[in-house]
Amino acid sequence: MFKNLIVAMRPKQWTKNFLIFAALIFAERLFHYHDILLVVIAFVVFCFLSSSIYIINDLVDIEQDREHPKKRNRPFASGKISKRTGIIFSIVLALISLITAFITGKFYFFIIALTFFILNLIYSFKLKRLPILDVLSLSLSFVLRAAAGGVIIKVFVSPWLIVCTFLLALFMAIGKRRGEIILLEENHAKHRHVLSSYSVKLLDQMISVSTSSILIAYSLYTFTSGKSVALMCTIPFVIYGIFRYLYLVYQENRGENPTSIFISDRPMQINIFCWLIAVLIIFYWKHIYTVISYQ
């Protein structure tokens with residue numbers, strides 16, 4: 001049972017919560033060890049909150065998941081874990097997370113964590129059945145992750161971080177819907193009701209709009225960041241990342257599970273690593289230079 005509970009928590013999906021570290025990096029607080037500790041706590045809180053929501057979502061969709069070629073093997077859909085156990089475990093995870101968020105003493109962080117949990121509860125029971133609102137609510141949950149990382153260390157959360165995060169999450173959410181339609185073919189409406197409101201053509205148009213918006217927003221951010229000359233050099237990494245993702249969605253039909261792309265696609269991983277190294281050098285050059293000079 002313990003092994004299946006770990007699987008139900010979907011630890012691979014915790015990679016989404018690394019977004020919490022964005023504010024720490026862009027606010028140039030990476031060498032403030034107290035802030036690092038707070039952000040790590042925030043990361044753990046959101047990992048447990050996410051897992052609580054994933055369990056609830058699996059319990060709500062248990063019948064539909066049994067019709068899905070991959071999801072039918074999940075612990076609840078396959079009957080490896082009872083519904084009662086899932087409910088109790090989900091409540092425990094949520095309580096641990098919210099209590100930890102509260103005792104950090106960062107009131108607004110607690111509010112964001114609570115809002116994240118409530119939003120995803122509403123998504124599980126209602127919003128995921130409403131076209132357009134389903135992908136918008138998913139995108140908003142990523143924005144809350146980014147905001148949480150800034151609030152817990154009390155730094156200004158740039159509007160550009162919010163906009164770029166929202167657009168990137170929207171892009172992936174739309175790609176996920178497209179991937180689900182392609183994977184499930186004529187049975188897509190049986191598994192997820194909202195898919196009956198979408199078509200591949202509509203989703204392709206939405207992907208086109210979101211793709212352009214991401215590139216424009218990120219480019220404008222580099223122009224206005226105060227480090228524009230250097231930060232503009234990271235634009236090619238973003239362009240490659242977007243185009244690589246589109247290639248995997250359209251040519252290899254892998255859009256149904258965005259997380260697997262970042263976990264398993266080596267070119268994407270290398271690109272993200274290079275982008276991160278470039279950003280760290282640009283933002284922390286003075287610190288790096290000081291360390292090198294001291295040595």
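Annotations
- The residue that is nearest to Tyr284 (Cα to Cα), counting only those in region 29-40 that are open to solvent by less than 70 Å² (accessible area, probe 1.4 Å) and not basic (Lys, Arg), is Leu30.
- Number of residues in region 80-121 that are aromatic (Phe, Trp, Tyr), surrounded by fewer than 17 Cβ atoms within 10 Å (Cβ to Cβ) and either at pLDDT 95 or above or not in a helix (DSSP H, G or I) (or both): the value is 0.
- Evaluation of Val155 against the conditions (1) open to solvent by 40 Å² or more (accessible area, probe 1.4 Å); (2) of a type in the set (Val, Ile, Thr); (3) more than 18 Å from the chain's Cα centre (by Cα); (4) over 20 Å from Glu256 (Cβ atoms) shows that the sole unmet condition is (1).
- All of Ile214, Ile182 fail the test of being of a type in the set (Val, Ile, Thr), under 21 Å from the mean Cα position of the chain (by Cα) and assigned to a helix (DSSP H, G or I), apart from Ile214.
- Scanning region 8-28 for residues that are touching a residue at least 60 places away in the same chain (Cβ under 8 Å), surrounded by 15 or more Cβ atoms within 10 Å (Cβ to Cβ) and outside any loop (DSSP other than H, G, I, E, B) gives Ala8, Gln13, Lys16, Asn17, Leu19, Ile20, Phe21, Ala22, Ala23, Leu24, Ile25, Phe26.
- Scanning region 59-79 for residues being touching a helix residue (DSSP H, G or I) at 6+ places or on another chain (Cβ under 9 Å), closer than 19 Å to Phe89 by Cα and part of a loop (DSSP other than H, G, I, E, B) gives a total of 6.
- Residue within region 137-147 that is within 22 Å of Ile239 (Cβ to Cβ) and open to solvent by 60 Å² or more (accessible area, probe 1.4 Å) present: no
- Residue in region 46-58 that is out of contact with any strand residue (DSSP E or B) (no Cβ under 8 Å at 6 or more places or on another chain), more than 22 Å from Ile122 (Cβ to Cβ) and open to solvent by 20 Å² or more (accessible area, probe 1.4 Å) present: no
- Being modelled with pLDDT under 95, closer than 30 Å to Ala101 by Cα and surrounded by fewer than 20 Cβ atoms within 10 Å (Cβ to Cβ) holds for only one residue in Ile182, Ile162, Ile132, and it is Ile162.
- Among the residues listed as Ile174, Ile182, Ile162, the single one being touching a residue at least 60 places away in the same chain (Cβ under 8 Å) and either under 29 Å from Leu202 (Cβ atoms) or not aromatic (Phe, Trp, Tyr) (or both): Ile182
The values are calculated or read from the model by the stated rules, or taken from the named source; none is laboratory data. Here the structure is a predicted model, which is why all the values come from computation and not from measurement. Every residue, glycine among them, receives a Cβ derived from its backbone with ideal geometry; neighbour counts consider all protein chains shown. What goes into the accessible areas is simple: the full protein's heavy atoms, side chains included, and nothing from ligands, DNA or RNA. Shrake-Rupley method; radii C 1.70, N 1.55, O 1.52, S 1.80 Å.
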